[in-house]
Amino acid sequence: MSAIRLDGREIAAQMREEMGSEVAHLAKEHMLRPGLAVVLVGENPASQSYVRSKTQACQELGMHSVQLDFPASLSTEALLGTIAELNADESIHGILVQLPLPDQDEERVLNTVSPEKDVDGLHPVNLGRLLRGEEGFWPCTPHGVLQILQRSGVEVAGKHAVVVGRSPLVGRPVANLLAQKMEGGNATVTLCHTGTHDLGYFTRQADILVVAAGQPRAITDEMVKEGAVVIDVGVNRIEDATRERGWRLVGDVDYAAVRKKARAITPVPNGVGPMTITMLLYNTIEAAKRLGGVQ
């Protein structure tokens with residue numbers, strides 16, 4: 001058996017086409033142009049690359065985008081002042097502070113973003129709304145995982161989903177979403193982490209296995225049951241002398257081996273990754289509609 005490849009690029013492209021039509025509709029019918037502000041502090045090359053991708057994606061959909069660049073020496077207080085200004089700016093519907101921050105108080109900064117503009121879904125209010133099953137903004141990567149499952153026709157309700165990794169960015173939110181009584185959820189969920197004894201015992205029970213462990217190829221074929229659906233959230237850089245750049249990206253799952261047992265699997269790269277920015281755009285459009293009073 002060779003697994004179906006769940007290509008995040010294709011699903012992201014489909015969603016962006018839908019969102020492009022919605023952005024055009026909002027502009028024509030409601031004089032509303034969704035606006036995203038991205039705040040970048042410091043010169044981390046990976047962060048700069050991510051921010052460029054987000055800005056470009058906004059432009060491609062016809063959305064309003066603002067990029068604010070600051071030196072790593074920016075004080076926390078000054079950054080909080082910028083966030084306050086963006087909270088009050090009616091042309092900005094979504095605010096994203098690119099993480100990690102060099103030396104600022106990350107918790108204070110994220111908590112200062114208005115929950116109604118927190119399109120990253122990291123404010124305690126939105127995380128609380130997620131836990132209670134209320135309307136709010138879901139974190140982008142977990143939401144992207146659900147979209148991949150739904151748009152690929154994977155039945156989640158009644159299945160046993162095992163999530164490896166308990167980070168507040170991916171593991172815990174995706175476990176909660178999969179368990180909620182809603183379309184795309186209603187699974188029985190087991191959450192595993194670094195304190196789990198005999199991880200393979202649990203992963204072999206999974207109908208749906210979501211891995212966000214942060215360890216390259218941590219999940220081997222012996223740890224996956226025949227016919228499972230495997231979602232690999234991990235992105236790890238490993239040395240590769242055969243590549244001109246000397247490295248390549250791999251996931252938290254041994255893709256080559258596991259794809260021979262799984263029914264479906266996401267690759268790395270081009271699996272979950274493209275969905276993260278797409279869901280950021282989705283949240284920004286939703287924020288514009290809510291703030292603009294559009295149903």
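The values are calculated or read from the model by the stated rules, or taken from the named source; none is laboratory data. These numbers were taken from a predicted model, which means no experiment stands behind them. We place every Cβ from the backbone using ideal geometry, glycine too, and count neighbours over all the protein chains shown. These area figures cover heavy atoms from the full protein model, side chains too; ligands, DNA and RNA do not enter into them. Shrake-Rupley method; radii C 1.70, N 1.55, O 1.52, S 1.80 Å.
Numerical summary
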{"read-out": "Magnitude of the charge dipole, the stretch 101-168, Cβ model with Lys/Arg +1 and Asp/Glu -1, debye to 20", "value": "380"}
{"read-out": "Dipole magnitude of the stretch 185-295 about its Cα centre (Cβ charges: Lys, Arg +1; Asp, Glu -1), debye to nearest 20", "value": "280"}
{"read-out": "Burial ranking of peptide ranges 205-214, 48-57 (average Cβ count within 10 Å, highest at the top)", "value": "205-214, 48-57"}
{"read-out": "Check: the stretch 199-240 dipole with +1 on Lys, Arg Cβ and -1 on Asp, Glu Cβ, in debye", "value": "140"}
{"read-out": "Arg9-Ala78 FRET efficiency (beta carbon distance; Förster radius 35 Å; 0.05 resolution)", "value": "0.40"}
{"read-out": "Accessible area expressed per residue, the chain, with surrounding protein chains retained (probe 1.4 Å, Å²)", "value": "48"}
{"read-out": "For the chain, share of DSSP beta bridges that run antiparallel, in % to the nearest 5", "value": "10"}
{"read-out": "Full-stretch length increase - Lys225, Glu239 - with 0.36 nm per residue and alpha-carbon distance subtracted", "value": "2.1 nm"}
{"read-out": "Segments 183-195, 266-278 sorted - mean Cβ within 10 Å per residue, highest first", "value": "266-278, 183-195"}
{"read-out": "Three-way shape label, the stretch 184-295, alpha-carbon gyration tensor, a/c 1.5", "value": "oblate"}
{"read-out": "Computed helical MRE - 222 nm, the chain, DSSP H runs ≥ 4 contributing -39500 (n - 2.57), nearest 500", "value": "-12500 deg cm²/dmol"}
{"read-out": "Gap separating the Cα centres of the stretch 223-279 and the stretch 80-115, nearest whole Å", "value": "32"}
{"read-out": "Förster radius 41 Å - calculated FRET efficiency between Val125 and Arg52 (Cβ-Cβ, nearest 0.05)", "value": "0.90"}
{"read-out": "Listed residues Thr220, Thr194, Ala206: farthest to the positive end of the dipole of the stretch 187-231 (Cβ charges)", "value": "Thr194"}
{"read-out": "Inter-label distance, nm, simple model (7 Å from Cα along the C-beta direction), Asp69/Thr196", "value": "4.1"}
